[in-house]
Each structure stands twice: as structure tokens, then as C-alpha cells.
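Participant: Dropping the structure in here first, questions after.
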Amino acid sequence: MLFSFFREIGLSEKETDSLLDKNPTLRSTSLDRLRARVLALQSVGINDFALNRLVIKYPIVLIAEEIDSVISFVRDDLEGKVKPSQLVRLFSTTETRFWLGFDEKVNLLLHHEILREKIAHVLNNVNLIRAICGKSVEEIERTIAFLKSYHNGIEVIVRRPAILNYYLDSQLMPKIQFLEELSGGDKEATGTLLRKLPAILSYRLEHMEGHVEFLRSYAGLSDPEIFKIFLVFPNVISTSKERKLRPRVEFLKQCGLNSSDMFKFLTRAPLFLALSFEDNLVYKLGFLVKIGYEYRTKELAVALGAVTRTSCENMQKVIGLFLSYGLSCEDIFAMSKKHPQILQYNPRSLEEKVEYLIEGMGREVSELLIFPAFLGYKLDDRIKHRYEVKKKTIGEGMNLNKLLSVSANRFSTKRKPKKVYIVYMGKRQHPDVELLTRTHHQMLATVLGSEETSKDYMVYSYKHGFSGFAAKMTEAQAHQLSKLPGVVHVTRNRFYKPQTTRSWDYLGLSFNGSPSNLLHTSKRGNGVIIGLLDTGEKEVSGTLIYPEVSDLMVSRNCESLSSNDDWMAGKVVLCFASEYNRSMLDDAIESVKDAGAKGVIVARSARDYLYSYATHFPCVQVSYETGTQILYYIRSTSIDC
């Protein structure tokens, strides 16, 4: 019966004899159990030749109980999506202990936000024994937690599952920490780099260190600059140091680029480091020199950087197109110096734009020499649309630069008048003011169309005392905004003219009026608490000072004030007058005003209380008692008293 069974799965009689001799346990295993195990293996896709080879090499798969949980989990929970070849490798071992806990460890990955539809992809691209079965639950947990600390680092596993093959302490951690140190300790930026090129972790730490040291010593770049280049073009790590990096950096040096220039060049044209010199760069250099660029110049380096992303064939077609419209090599050289990108544009698109410039707009092709950036704008959405709109109002002789370079928001000719509205959103929901400001921009963008537009029309973001913002918008947009969740109310901004120079006049009261009027009956405001309103228009406060004049009596120091006293500038001056003398007070106030002071407080006669002095300069008169209290305050708070 056993021979018949093994014949069904492709074993010859000789192979069966050998198998039973080496594994006598099989003879005592019931046929039903063996048949059930084979059916289980076939249920996860291990059939025919793969099943035959697995049984011959590792017959333990037919009797080991530990395999049952793996097969049922793959078949039922993972819907049989793990590749049979992966399972064959997993079962190709005599260490059956590796199979224990397989389901628990895979569920751990699912628990840490690897999507169920992605889990099969992860399992099909790792060494299952090394990444899953050969590690403890705790080690897998630590690895995931470490990667997640780098701003959604779990995505790195999905993009490069083989990362799970590495050991955390001896492989992953040293490499990632090296990159983090290179970034200046920026975990988020390090996470971004890992997500852009997870394969960077497949390189040895010594390889990374060698590339960084080369860029430090030979190119003169700082660590943050090197990291920025890695961030823009992570594959620089895979570029041969001697075959490509060294000659490329040497070329840039010959063109006169210092380390600062080199950093700017490599962040804008990083592909320059990876392109083949013989198959790519040498042809582009030939084209550039042909149209007028001089070898070993900064201009040549800039132009070469601008064409790294285009093919030699495309570049040749662009130059040929310009020549066909009567432009000379000198003209092409002049245009590319102003706008280097023109040499990498699509030739067909360029031809359509040049044709429209000549036929549709009635212009000369020579105008491209003045404004070559014309060729970088979209024909239908920008060039044609704006030209047709403006032609109706200002005719055909318009400036191409002004026509196309002005922002979309400012271009609209039928814009509805916009006023400033205050959007009140109540109490701050969180302490992060930057996040609060972004929230305001996003909310405004919902009615203005884009965040770019919202930044143009945002006047102010209130993010400290409360949440809200002031922005320019139409009445309809303000109404639409008021309906959004989180908005308490929207109100039109209004300007109020302050009337605070002479409160008595504003209230219709006269100092010399009837003894029964409010001013007299209230003892000119004695004991009244005065509220101040900051209009926000200008600074109205100032430092209080008192002119300490030793050779004059305190009661007469108002008479000593002079317009030459520059120490009064920007201050509020307190002085004492011995008696009411209108002429003396006028002179004192004029002196304070001419000296650049902000105001004056005149203390006189104990029978008088607080009242304003009729002048266009801020002045108030107080009693001697009040003046003395103010003087005590000045002396107690001044370090010069």
C-alpha cells in the first residue's frame, strides 16, 4: 500500500525503498495520515515535481505535527496567497521548531498596520525562516517598533520586505542611526529617505561611510548637504565611487564650481552622478559646445545639469527645430543661458508653441530671445487662454513676460471685489500654532479653490488667544465659509476711528460749564475706573519719567522744561506747577512736544482733580496728591532714581 501511495506522488520503487529505509517511522504511520498530509500540502499549491522533491529530501513533512498550523493558516487565513516556492523553502528543514508560532508572528505584522492585502507580498519577498520563523516574537516586535519611530517606517517593510531578513542590533540599527546622524538628528527626514529607497539598507555600513567620506573630503560637502543629496537622489549610494563619482566631481571642479556651487548643482541635477559618460554625457557636451558654450566654465556646467533628464536624441531634435526657424547657434546659446530648460522640452510641443507665436499671435520668432521662458508654459491652458482674454482689452501688442508670468490669481480680469472678513472659530483646539495655521489655510482653500490661493488672500492667522483668521474674500465666499464645521461666525472687518484725545469734549461736557453737570457732580471722574482700548494702529504707551532738577523746587519744575531736553523723546513726562498759569503751561507743553515726548502729566493745586488740558498734544492735569503718587511709582521702578 505504501509503495502504491508513493507511486501516486511520483516516487519510483527504488526511491520509496530508500525513503522507508532512512525513515522507518513512515512504515508505522497510517496511510490515511500520510494521504491527509499530502492533500494538505497540495491545498497550498505544493504539487507534482515540487511535492516529489520535498518528500524525497525532507520526508519529515509527512509526519511532523508542527506543520499543520502553518498549512491551515496559509490556506485559510491568508487565502493560499503565499507562493508554493516560498513554502517549499520554509519546509525544507529538519528543524521543525521553526514552524511553531508562524501564525502568531504574521499576525503581529498585521497588528502593526501592514494591510492584509499586502501581507502576502511581504511574505513572498522574504526569507521566511530568517525573517519570521527564525526570530522570536519579541525580536520582530522590537524591529517594527524601531522602524515605526522613523515617521511611518512600517511602509519601509512593505516597500522592501527583505528588510525583515536583517538583524536589528547588528545590521538595521547601525545603518539607520548612521543616516540619522548624517541628517543632523532629523528622524522624519531619515524616514523619508528610507521610504524613498528602502534598498539603501541592503548596502554595508562600510559602503555608506565610504561614499559619505568621499563627498566630505573630495567634494567639500557638509553632512547636512550630503544628506540632502541622498534625499533628492538616494541612488547616489549605488554609484561607483571611482568609476563615476570621482570623475564627475572632478569635472565640476574644472568648471569652476566650489563646494557651495556643487551642492546646488547636485540637488538640482543629481542624475549627473549616475549617467554614463561614454553613452550619454559626452554627446550632450558636444551639442552644448557646438551652440557656443565654452569648455570648463560654470555656464557649461549649468547647461549640462539642465539636460541630464533628457535624451541625446531629444536634445538634437530641439536644436534642429530652432535652427529650422532661422535661429542661429548663437541665438540658441543666448536663449539657453536665460532659460536652460528649453533644451530638454518635447520637440513636438515646442513646435506647436512656436507656430502659435508666429501664426496665432503674429509675433516674430526673435521674441524668444527676450523671453525664452514662453516655451515653458502650457499652450492651451496658459498661452492661448491668456492671449485671447487680454487681446479683447489691450489689443495684440502685449508684453509676453507680463502676460504669462503673473500668477493665476492676479490675472483674472473679472474678479469680484474682495473685502476682509474675520473668521472666528472659538477656542484653540490644540497648542501647535503651525498646525493651526495650516488648518486655517486648508479651510480657506475649500472656498477659494487651492491652498496656494489661500496663502495669497490670508491676511492674518489668529492662533494664540483663540482660533480664527482674517482673509480677503467675496461676500458669497464668506457666506459659504460660515457654513463649514468649526466656524462660529464670519463678520466683515470694519475700521473704527478712535475719539480719545479729549474725553470731556467727546462726552459733551465742559470744564467751565454748570456746577450741576456730570463732570462736576462726579468730581471730574474721581474714583472712576477707565477702560483702555488698543486699536492696534499705533503704539500709544510710553515710559513715565520725571525731570529731577536739583536747583528748582519740586513744585516749579514744569517751568524748567526745554525743547532741548532730548531725554524726553518717546516718554510721558510728569512735572509739577506751583500755580495755574496758562502761559507757563502752554510753554511747558510745547517744550515737551518739541522734544519728541509722547505726552505730559501736569500736577498742580491740591483742589484740582484729573481733567484734560485743551490742546492737540496728549496732556492731563492731576492734583498734587495724585502727582506725588505717580512720582513715587516712577522712582520705585526706575534704576536711575
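The values are calculated or read from the model by the stated rules, or taken from the named source; none is laboratory data. Fair warning: this is a prediction, and the values are worked out from it, not measured in the lab. Methodologically, a virtual Cβ is constructed for each residue, glycine included, from the backbone with ideal geometry; neighbour enumeration extends over all protein chains shown.
Participant: Out of (1) in a loop (DSSP other than H, G, I, E, B); (2) loosely packed, with under 14 Cβ neighbours inside 10 Å, the odd one out for L257 is which?
Facilitator: (2) is the only condition that L257 fails.
Participant: As an exercise: evaluate L304 against (1) part of a helix (DSSP H, G or I); (2) within 33 Å of the chain's Cα centre (by Cα); (3) not assigned by TED's automatic domain parsing to the domain that holds K338 and give the number of the one condition it does not meet.
Facilitator: Looking at each condition in turn, L304 falls short on (3).
Participant: I'd like the full set of residues that are among the aliphatic types (A, V, I, L, M) and farther than 19 Å from G286 by Cα, limited to region 330-358.
Facilitator: L350, V354, L357, I358
Participant: Related question: What is the number of the single condition among (1) within 19 Å of K378 (Cβ to Cβ); (2) surrounded by fewer than 17 Cβ atoms within 10 Å (Cβ to Cβ) that V289 does not meet?
Facilitator: Among (1) within 19 Å of K378 (Cβ to Cβ); (2) surrounded by fewer than 17 Cβ atoms within 10 Å (Cβ to Cβ), V289 violates only (1).
Participant: Which residue pairs have Cβ atoms under 6 Å apart, sit 6 or more places apart or on different chains, and have a first residue in region 438-453 that is under 18 Å from S467 (Cα atoms) and a second that is surrounded by fewer than 17 Cβ atoms within 10 Å (Cβ to Cβ)?
Facilitator: H441/E451; A445/E451
Participant: Also: In this structure, does D169 turn out to be among the acidic types (D, E), modelled with pLDDT of 95 or more and farther than 30 Å from I140 by Cα? Give the steps one after another, and end with the answer.
Facilitator: Numbers: among the acidic types (D, E): yes; modelled with pLDDT of 95 or more: yes; farther than 30 Å from I140 by Cα: no.
Here the answer is no, as D169 does not meet what is asked.
Participant: Identify the residue in region 611-641 that is of a type in the set (S, T, N, Q) and more than 13 Å from L574 (Cα to Cα) and, among all such residues, is modelled with the lowest pLDDT.
Facilitator: The first filter runs over region 611-641 and keeps only residues of a type in the set (S, T, N, Q), leaving 612, 615, 621, 623, 626, 628-629, 636-638.
Going one step further and asking which of them are more than 13 Å from L574 (Cα to Cα), we end up with 612, 615, 636-638.
Numbers: S612: 52, T615: 60, S636: 66, T637: 65, S638: 59.
Out of the qualifying residues, it is S612.
Participant: For region 175-182, check the following and say yes or no: at least one residue is assigned to a helix (DSSP H, G or I), crowded, with 17+ Cβ neighbours inside 10 Å and of a type in the set (D, E, K, R). Break it down stepwise before answering.
Facilitator: If we filter region 175-182 for residues that are assigned to a helix (DSSP H, G or I), which is where we start, we get 175-182.
Then keep just the ones that are crowded, with 17+ Cβ neighbours inside 10 Å; that gives 175-176, 179-180, 182.
From what is left, the residues that are of a type in the set (D, E, K, R) are 175, 180.
Within region 175-182, one or more residues are assigned to a helix (DSSP H, G or I), crowded, with 17+ Cβ neighbours inside 10 Å and of a type in the set (D, E, K, R).
Participant: Looking at region 18-39 only, could you name the residues that are of a type in the set (D, E, K, R) and at pLDDT 90 or above? Walk me through how you get there before you give the answer.
Facilitator: If we filter region 18-39 for residues that are of a type in the set (D, E, K, R), which is where we start, we get 21-22, 27, 32-33, 35, 37.
The answer is D32, R33, R35, R37.
Participant: Looking at (1) modelled with pLDDT under 70; (2) buried (at least 16 other Cβ atoms within 10 Å of the Cβ); (3) touching a Phe, Trp or Tyr at 6+ places or on another chain (Cβ under 8 Å), can you tell me which one R556 breaks?
Facilitator: (2)
Participant: Let me ask something else. Can we say I358 is at pLDDT 95 or above and either crowded, with 19+ Cβ neighbours inside 10 Å or more than 37 Å from the chain's Cα centre (by Cα) (or both)?
Facilitator: On the way: at pLDDT 95 or above: no; either crowded, with 19+ Cβ neighbours inside 10 Å or more than 37 Å from the chain's Cα centre (by Cα) (or both): yes.
No.
Participant: Please state which of the following conditions E155 fails to meet, knowing it meets all the rest: (1) among the charged types (D, E, K, R); (2) crowded, with 16+ Cβ neighbours inside 10 Å; (3) closer than 19 Å to I229 by Cβ.
Facilitator: (3)
Participant: Also, quick follow-up: Got at least one residue in region 85-100 being over 24 Å from V38 (Cα atoms) and touching a Lys or Arg at 6+ places or on another chain (Cβ under 8 Å)? Can you show your working first?
Facilitator: Taking region 85-100 first, the residues over 24 Å from V38 (Cα atoms) are none.
No, because not a single residue in region 85-100 is over 24 Å from V38 (Cα atoms) and touching a Lys or Arg at 6+ places or on another chain (Cβ under 8 Å).
Participant: Quick one: which helices (runs of 4 or more DSSP H) lie wholly within region 28-82 and hold at least 3 residues that are of a type in the set (D, E, K, R) and buried (at least 19 other Cβ atoms within 10 Å of the Cβ)? Walk me through how you get there before you give the answer.
Facilitator: Working: elements: 31-43, 48-57, 67-72.
So the answer is none; nothing clears 3.
Participant: Further question: Has region 427-438 got any residue that is in a strand (DSSP E or B) and loosely packed, with under 14 Cβ neighbours inside 10 Å? Before the answer, list the steps.
Facilitator: The initial filter retains those residues of region 427-438 that are in a strand (DSSP E or B), namely none.
Looking for residues that are in a strand (DSSP E or B) and loosely packed, with under 14 Cβ neighbours inside 10 Å, one finds none in region 427-438, hence no.
Participant: Here's a follow-up. Given the options I144, I200, name the one that is within 13 Å of I237 (Cβ to Cβ), part of a helix (DSSP H, G or I) and either modelled with pLDDT of 95 or more or in contact with a Gly (Cβ under 9 Å, 6 or more places away or on another chain) (or both).
Facilitator: Details: I144 fails: within 13 Å of I237 (Cβ to Cβ).
Result of the check over I144, I200: I200.
Participant: Among what's in region 584-610 and is farther than 12 Å from C558 by Cα and among the hydroxyl-bearing types (S, T, Y), pick the residue that is modelled with the highest pLDDT. I'd like the intermediate steps shown before the answer.
Facilitator: Here is the first cut: in region 584-610, the residues farther than 12 Å from C558 by Cα are 593-599, 605-610.
Subset that is among the hydroxyl-bearing types (S, T, Y): 605, 609.
On the way: S605: 66, Y609: 47.
In this case the residue turns out to be S605.
Participant: Now for a different question. Considering (1) touching an Asp or Glu at 6+ places or on another chain (Cβ under 6 Å); (2) buried (at least 16 other Cβ atoms within 10 Å of the Cβ), say which one Q86 fails and leave the rest.
Facilitator: Condition (1) is where Q86 drops out.
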